[in-house]
Amino acid sequence: MSASVAQVLVEQRTHFVRRWTRTSIIGSSSFLVVAALLAVLPFMVNLSLVYSMIDLFILVILAMTWNMLAGYGGMVSVGQQAYIGIGAYSMVVLADSLGLNIFAAIALSAVVCGVIAIPISFLVFRLVGGYFAVGTWVVAEVVRLLVVQFPQIGGGAGISFSAMSDLSRDWRIATSYWIGLGATVIVVAACVLLIRSRAGLALTAVRDDMTAASTSGVMVTAVKRLVFVFAGAGAGIAGALIAVSTMRVQPDSVFSVQWSAFMIFIVVVGGVGTLEGPIIGVLVFWFLKQLLADYGPLYLILLGVIGIVFVLFVRGGIWGLISRKGRIELFPVGYNFSKKL
């Protein structure tokens, strides 16, 4: 037996792997406490803030799922608005036309987007790099053009969402808020569970070095397709929430490439390839939006300048500066070796 093998066997007997650390326990507990506090927010603040918080929840869902796609899977998509639009229209059809329960309609909207993402993946996976990004954008535009051809769902003018019209304005906004909060918690938890799974381990390997992962036996294409479908379903949930909160679905809005621009900015500023980064990026973006929205084009110019600065000089994002190059994790997704007592 060689000395290196003997050393490994000794380390296995004297060490064990921990997924939970002090920071991940504090971080996960804090996340649950904040979610519980946010649940009572509609009773404590005015409705305008509650309504704006729904936008924050939508952005968290989009940023978390896009980060799984680009930050872990290495697929920079500029066409996630395709699934946002499909999710929004699915919500209208399922809840209004078919009369399904709101919660069931949101879940099925995610399923519809995930199923549609499967054949799309076989098409766009033939492309790489910038071609992949442009290809996803083209697919989103094709989906938009197809949707506006159907007058049954409003055509180019859009369609109203009336499943919650019997509620008063206050209760409708509060209900939309609680649905958004619940969906956000579920999506964040799903991202954590995915990264903790065996597929997540393979995905992390793909993120770190795709070539090395492939030569080590990781089924790269299958893992990337899994996260592609997951991201499409997540965008579908966000689209369904947009329909619920705005009470109207307009193709030029839900299929706007601006959604992808927001996702890219949020993840780049927060930290690509981490679970904490998108949440931080959403908070930064949301606060900037609240403070500078009245300045019109200057607001968008400032966002562009901030994004360029982070791309050039702070590539790890805000969380990269805070976490000391990944040594701190607020969710139990890492592997930590400790000595046995």
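Read the figures in this text as sums done on the coordinates, not as results from a lab. Since we're looking at a predicted model, the values are computed, not measured. Quick reminder, even Gly has a Cβ in these numbers, built from the backbone with ideal geometry, and neighbours come from all protein chains shown.
Numerical summary
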item: Ranked packing of 55-62, 138-145, 307-314, 103-110, most packed first, by mean Cβ within 10 Å; result: 55-62, 103-110, 138-145, 307-314
item: Nearest-ten-degree value, helix 129-147 long axis tilted from longest Cα axis of the chain; result: 30 degrees
item: Angle between the chain longest axis and helix 22-39 axis [Cα atoms, degrees, rounded to 10]; result: 10 degrees
item: The chain - mean residue ellipticity at 222 nm from DSSP helices (-39,500 (n - 2.57) per run, n ≥ 4, rounded to 500); result: -22500 deg cm²/dmol
item: Extension gain, residue 30 back to residue 186 (0.36 nm per residue minus Cα-Cα distance, nm); result: 54.6 nm
item: Relative contact order (%) - the chain, alpha-carbon pairs under 8 angstrom, separation at least six; result: 34 percent
item: HN-Hα J in Hz across the stretch 163-179 - Karplus 6.51, -1.76, 1.60, θ = phi - 60°, x for Gly and Pro; result: 4, 10, 6, 7, 7, 5, 4, 5, 6, 5, 5, 5, 5, 4, 4, 5, 5
item: Summed side-chain charge close to residue 69 - residues other than residue 69 whose Cβ falls under 12 Å, Lys, Arg +1, Asp, Glu -1; result: +3
item: About the Cα centre, charge dipole magnitude for the chain (Lys/Arg +1, Asp/Glu -1 at Cβ), debye; result: 1180 debye
item: Rounded to 10°, Cα long-axis angle of helix 81-92 versus longest principal axis of the chain; result: 50 degrees
item: Potential lengthening between residue 141 and residue 198 on full extension [0.36 nm per residue; Cα-Cα distance subtracted]; result: 17.1 nm
item: Whole-number D in µm² s⁻¹ for the chain, Kirkwood Cα-pair radius fed into Stokes-Einstein, 20 °C, 1.002 mPa s; result: 101 µm²/s
item: Burial order of peptide ranges 206-215, 227-236, 170-179 (average beta-carbon count within 10 Å, highest first); result: 227-236, 170-179, 206-215
item: Between the stretch 158-201 and the stretch 51-92, the alpha-carbon center distance in angstrom; result: 12 Å
item: Three-way shape label, the stretch 30-147, alpha-carbon gyration tensor, a/c 1.5; result: oblate
item: Gained length - residue 37 relative to residue 149, 0.36 nm times residue gap less alpha-carbon distance; result: 35.9 nm
item: Rounded if a/c under 1.5, otherwise prolate or oblate - the stretch 113-240, Cα gyration tensor axes; result: oblate
